[in-house]
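Quick notes on the structure that follows.
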Amino acid sequence: MKTIDKIPTSKLGRTTELVKTGVKVGGNYLKYYSKKAINPNITRDKLNEDNAADIYDGLKNLKGSALKVAQMLSMEKNILPNAYVEKFSLSQFSVPPLSAPLVRKTFKKYHGKYPEDLYDTFATQSVNAASIGQVHKAAKDGKKLAVKIQYPGVADSISSDLAMVKPIAIRMFNLKGKDSDKYFQELEGKLLEETDYVLEVKQSKEITNACAKIENLKFPKYYEDLSSKRIITMDWMDGEHLSEFAKHNEDQEKANRIGQALWDFYMYQMHILKAVHADPHPGNFLVDKEGNLIAIDFGCVKKVPLEFYTPYFELAERENINNPEFFAQKMFELEILREDDSEEEKKFFSELFYEMLSLFTKPFNEEVFDFADQEFWDKITELSEKYSKDTELRKMNGNRGSKHFLYINRTFFGLYNLLHDLKATIRVKNFEKYL
């Protein structure tokens, strides 16, 4: 794979890169409408493919929060056209890495020493490059190690990157009112945390120690003396990415065992630790030869405050969803309904969230749940399509819901998709045996 010798770090440099991408996308639309004029039956498939490729090419050169947004969008399989999902999913664990000279320069800047001064061996070619950093193989004192190095300038460009994205997001999601800033502040805060590798090591050790008792679940050990604010050293873990395993696996018992470990891991974090690994994409999980699940990245951890946790999970219970007065009260507590809503808006969003919650909380109301259940996924797709085409929804103020929904919903969407890829059947309350 081609390597990168330089990443634009200034606001001007990054804006220029995005403008170039915008020009390419504009050209794709001109080509599409020219062909459409000749052949009215032509579909948007080729347009989507061209746009996805050009947008991804621009973002992968910028890396950082711009590419992280693509990574987050790639998990929303029921929202984006498939061409975008396929391209953007590359940002999960496969983007052009830094060149060897830039790796050494970056290492010296962040750690004060070159890699060869710290490790017995260090491979300058990365084995995994993603949105915020890339991973290299190393060894020291007979131990195989993974060394994650953050890309230059990532932390410093987050605010300006999000400022460029904000006007587009406000139009896309119809966010009205000043308090829409809470969502951007939540996103910025989490992205800044992801660039703090000292914090990541601390979070990694806390969660891995607490979850070590869960069966069929493994974690790397972290080495603080070989880590810093922009570099993390941990054990090298042998295994294949969860998505790759799921593609070829034909052993249902193994899929169920791995899926159960994944489900128990998330339920234990959510209900006991009230802090959760909020980046559940396939690049953050491996499967080893013994069929164990390995969690390898704790950069994005979302703390779940009780004032959100309590009403959120109260509405996971079927009898509460079906109690109109209780349901309405929780809608206000979770900031889904607003005091300044019109009667039309209250009725519309109550019906929308009733329909959504009745479907998405179905796994919580069963003893055993099969994530391969096609009827369940067909209904999710139908619901997504229904509201994506709803002209009334576009007229409504889309600025609703607690800021905590941003990462908690992302966590559950990601978890559901991973379990669906595995085609796993899980026991819903199994995590309680670890209490």
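The values are calculated or read from the model by the stated rules, or taken from the named source; none is laboratory data. This one's a predicted model, so the numbers in the text were calculated from it and none came from an experiment. Here the Cβ is made from the backbone with ideal geometry for all residues, glycine too, and neighbour counts use every protein chain on show. To get the accessible areas, we keep the full protein, side chains included, count just its heavy atoms, and leave off ligands, DNA and RNA. Shrake-Rupley method; radii C 1.70, N 1.55, O 1.52, S 1.80 Å.
Among the strands (runs of 3 or more DSSP E) lying completely within the stretch 281-362, list those that include at least 1 residues that are open to solvent by 10 Å² or more (accessible area, probe 1.4 Å) and modelled with pLDDT of 95 or more. In the stretch 281-362, 285-287, 301-303 are the strands (runs of 3 or more DSSP E) which contain 1 or more residues that are open to solvent by 10 Å² or more (accessible area, probe 1.4 Å) and modelled with pLDDT of 95 or more.
Across the stretch 104-121, the qualifying residues are those that are out of contact with any Leu (no Cβ under 9 Å at 6 or more places or on another chain) and in a loop (DSSP other than H, G, I, E, B), and the one among them that is farthest from Ala155 (Cα to Cα) is Asp120. Scanning the stretch 124-153 for residues that are assigned to a strand (DSSP E or B) and among the polar types (S, T, N, Q) gives Asn128, Gln134, Gln150.
Based on what the data block shows, is Ile149 of a type in the set (Val, Ile, Thr), at pLDDT below 70 and touching a Ser or Thr at 6+ places or on another chain (Cβ under 8 Å)?
Numbers: of a type in the set (Val, Ile, Thr): yes; at pLDDT below 70: no; touching a Ser or Thr at 6+ places or on another chain (Cβ under 8 Å): yes.
No: the conditions fail for Ile149.
Evaluate the stretch 364-375: report whether one residue or more is open to solvent by less than 20 Å² (accessible area, probe 1.4 Å) and modelled with pLDDT under 95. No, because not a single residue in the stretch 364-375 is open to solvent by less than 20 Å² (accessible area, probe 1.4 Å) and modelled with pLDDT under 95. Taking the condition of being farther than 28 Å from Asp279 by Cα and touching a residue at least 12 places away in the same chain (Cβ under 8 Å), how many residues in the stretch 123-156 meet it? Looking only at that region, the number is 2.
Among what's in the stretch 115-145 and is β-branched (Val, Ile, Thr) and open to solvent by 60 Å² or more (accessible area, probe 1.4 Å), pick the residue that is nearest to Gly239 (Cα to Cα). Full working, then the answer.
Taking the stretch 115-145 and keeping what is β-branched (Val, Ile, Thr), we get 121, 124, 127, 132, 135.
From the residues that got through so far, the ones that are open to solvent by 60 Å² or more (accessible area, probe 1.4 Å) too are 121, 127.
Details: Thr121: 21, Val127: 13 Å.
So, considering only residues that are β-branched (Val, Ile, Thr) and open to solvent by 60 Å² or more (accessible area, probe 1.4 Å), the one nearest to Gly239 (Cα to Cα) is Val127.
Pairs are defined by a Cβ separation below 8 Å, a sequence spacing of at least 6 or placement on different chains, a first member in the stretch 406-435 that is open to solvent by 50 Å² or more (accessible area, probe 1.4 Å) and hydrophobic (A, V, I, L, M, F, W, C), and a second member that is in a helix (DSSP H, G or I) and at pLDDT 95 or above; the pairs so defined are Leu435/Ile272.
Every residue, every condition in (1) within 18 Å of the chain's Cα centre (by Cα); (2) under 17 Å from Ser160 (Cα atoms); (3) open to solvent by less than 30 Å² (accessible area, probe 1.4 Å), yes or no:
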residue: Gln185; (1), (2), (3): yes, yes, no
residue: Glu188; (1), (2), (3): yes, yes, no
residue: Glu193; (1), (2), (3): yes, yes, no
residue: Val198; (1), (2), (3): no, no, no
residue: Val201; (1), (2), (3): no, no, yes
residue: Glu206; (1), (2), (3): no, no, no
residue: Ala210; (1), (2), (3): no, no, yes
residue: Lys218; (1), (2), (3): no, no, no
residue: Tyr222; (1), (2), (3): no, no, yes
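Going through (1) modelled with pLDDT of 95 or more; (2) not in a loop (DSSP other than H, G, I, E, B) one by one, Glu244 falls short only on (1). Across the stretch 298-315, the number of residues qualifying as in contact with a strand residue (DSSP E or B) (Cβ under 8 Å, 6 or more places away or on another chain) and charged (D, E, K, R) comes to 2.
Within the set of pairs 6+ apart or on separate chains, which have a first residue in the stretch 343-356 that is in contact (Cβ under 8 Å) with a residue 12 or more places away in the chain, a second that is among the hydroxyl-bearing types (Ser, Thr, Tyr), and C-beta atoms under 8 Å apart? As it stands, the answer is Leu352/Tyr387, since those pairs meet every condition given.
Scanning the stretch 98-114 for residues that are of a type in the set (Ser, Thr, Tyr) and open to solvent by 20 Å² or more (accessible area, probe 1.4 Å) yields Tyr110, Tyr114.
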